[in-house]
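The values are calculated or read from the model by the stated rules, or taken from the named source; none is laboratory data. Note that the structure is predicted; figures quoted are calculated from it, not measured. Please note: Cβ atoms are built from the backbone with ideal geometry, for glycine as well, and neighbour counts cover all protein chains shown. Surface accessibility is based on the protein's heavy atoms, side chains included, excluding ligands, DNA and RNA. Shrake-Rupley method; radii C 1.70, N 1.55, O 1.52, S 1.80 Å.
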Amino acid sequence: MAKQFKPETLCVQAGWEPKKGEPRVLPIYQSTTFKYETSEQMARLFDLEESGYFYTRLQNPTNDAVAKKITALEGGVGGMLTSSGQAANFYAIFNICQAGDHFVCSSAIYGGTFNLFAVTMKKLGINVTFISPKATEEEISSAFQPNTKALFGETISNPSLDVLDIEKFARIAHKHGVPLIVDNTFPTPINCRPFEWGADIIVHSTTKYMDGHATSVGGCIVDSGNFDWEANADKFPGLCTPDESYHGLTYTKAFGKMAYITKATSQLMRDLGSIQSPQNAFLLNIGLETLHLRMPQHCKNAQKVAEYLQANDKVAWVNYCGLPDNNNYELAQKYMPNGSCGVISFGLKGERNLATKFMDSLQLAAIVTHVADARTSVLHPASHTHRQLSDEQLLEAGVRPDLIRLSVGIENADDIIDDIEQALSK
Ligand SMILES: *Cc1c(COP(=O)(O)O)cnc(C)c1O
């Protein structure tokens, strides 16, 4: 689809462009395999000499249409759906890091990503150094080593809600000859487009606002095509030297700007196989068709709820980057002038167990692990998602022990506030 379309149009129309007599609505290609007429035709696909479908573990037309839509929204050159956000983050790093390599990561990230990077990837011989997203350029630079291959951060961190200074992070990454990978799950491309600020690779948990209805776990990787792998060829042998598993093909030479995303699909997805099911991709696409309508409503409601909480004397503190006295307000205004996301965190005055008491008294807002869908929901990370982290790690990830994460939905804001009010009064 032509680039000049605006995000609203891309949400509705991009990705699936039916030709004469084809279904208007993106079909679910519920097929593991695809038919060819000659053995030669199929052989060319296996040599990556031609692109085409042969087995859904590598590529599927439904998935590709949805990846194309997200790629268009982010302004990238290529994208790939994964079975979850975790898989997207793993692939995004593993595509350019191998045993003995290292990457630098903001400490303000999702708890699941923290475990993946700090514990599981370490077992594969890939080491990470966490740095505060608010550290100076010099401090962040000093975390880089000769074997560092990437810098990673979340646009708005889950659940600490820090805003990443994308330009600063991109400058540091590029000074060290490595790409900046940004998890853009919370703002979505409706509210922030990290490629415009210098990010090179974007990852998403599509499970959140993109799906928007809490139906399907999924992820996505989008490649900007902007990072010059060849200029740093010594760091990225996987992209810049022959791949023996494809008869000595070199990704940068064969695919140019599409090198990174092609390797992720044809090598990692082939070997590790965390493909999103076409059924889930179909549901994700329906979610994406209204993303541009839902995000402003999430932001409008969250702003109202945050202002209500801030004015309430039972509330000890409120963290929402839309509040002018918030320490992320200026960064949020710069990178997300039209709104950030619907997620707020806050703490109550008094005992730590008031958090769970308050949550148990809510009627409209549901206690769920999930975040960022149409329904208002609530979670206490220290007792739920971040249980595995020590108090020290919690604070390092920007999660106070009393932190309540409120994911403001797209219901009527006054009903959400009334629910909070009655729960607080108990
Ligand atoms: C939820 C989340 C993930 C993990 O995604 P899943 O789809 O649950 O695997 C990664 N990053 C962020 C910012 C998230 O909110």
**Request:** Only helices (runs of 4 or more DSSP H) wholly contained in the stretch 160-241 count here; list those with 1 or more residues that are away from the ligand (no atom under 16 Å from the Cβ) and open to solvent by less than 20 Å² (accessible area, probe 1.4 Å).
**Result:** 166-175, 237-240
**Fill in**
Contact list, first residue from the stretch 299-310 and in contact (Cβ under 8 Å) with a residue 12 or more places away in the chain, second anywhere and open to solvent by 50 Å² or more (accessible area, probe 1.4 Å), beta-carbon distance below 7 Å, six or more apart or interchain, is ASN301/ILE410
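Quick check on THR369: is it over 20 Å from CYS299 (Cα atoms) and touching a residue at least 12 places away in the same chain (Cβ under 8 Å)? Break it down stepwise before answering.
Details: over 20 Å from CYS299 (Cα atoms): yes; touching a residue at least 12 places away in the same chain (Cβ under 8 Å): yes.
Answer is yes for this residue.
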**Asked** Among the numbered criteria (1) open to solvent by 20 Å² or more (accessible area, probe 1.4 Å); (2) assigned to a helix (DSSP H, G or I); (3) within 30 Å of ARG405 (Cα to Cα), which single criterion is violated by GLU138?
**Response** (3)
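Matching residues to (1) under 19 Å from THR185 (Cα atoms); (2) of a type in the set (S, T, N, Q); (3) over 22 Å from the mean Cα position of the chain (by Cα):
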{"site": "TYR308", "(1), (2), (3)": "no, no, yes"}
{"site": "ALA316", "(1), (2), (3)": "no, no, yes"}
{"site": "GLY322", "(1), (2), (3)": "yes, no, no"}
{"site": "ALA332", "(1), (2), (3)": "yes, no, no"}
{"site": "PRO337", "(1), (2), (3)": "yes, no, no"}
{"site": "GLY347", "(1), (2), (3)": "no, no, yes"}
{"site": "GLY350", "(1), (2), (3)": "no, no, yes"}
{"site": "ASN353", "(1), (2), (3)": "no, yes, yes"}
{"site": "THR356", "(1), (2), (3)": "no, yes, yes"}
**Prompt:** Do any helices (runs of 4 or more DSSP H) entirely within the stretch 34-122 hold 3 or more residues that are under 30 Å from GLY398 (Cα atoms) and either within 16 Å of the ligand (Cβ to nearest atom) or out of contact with any Lys or Arg (no Cβ under 7 Å at 6 or more places or on another chain) (or both), and if so, which?
**Reply:** 61-74, 85-94, 111-115
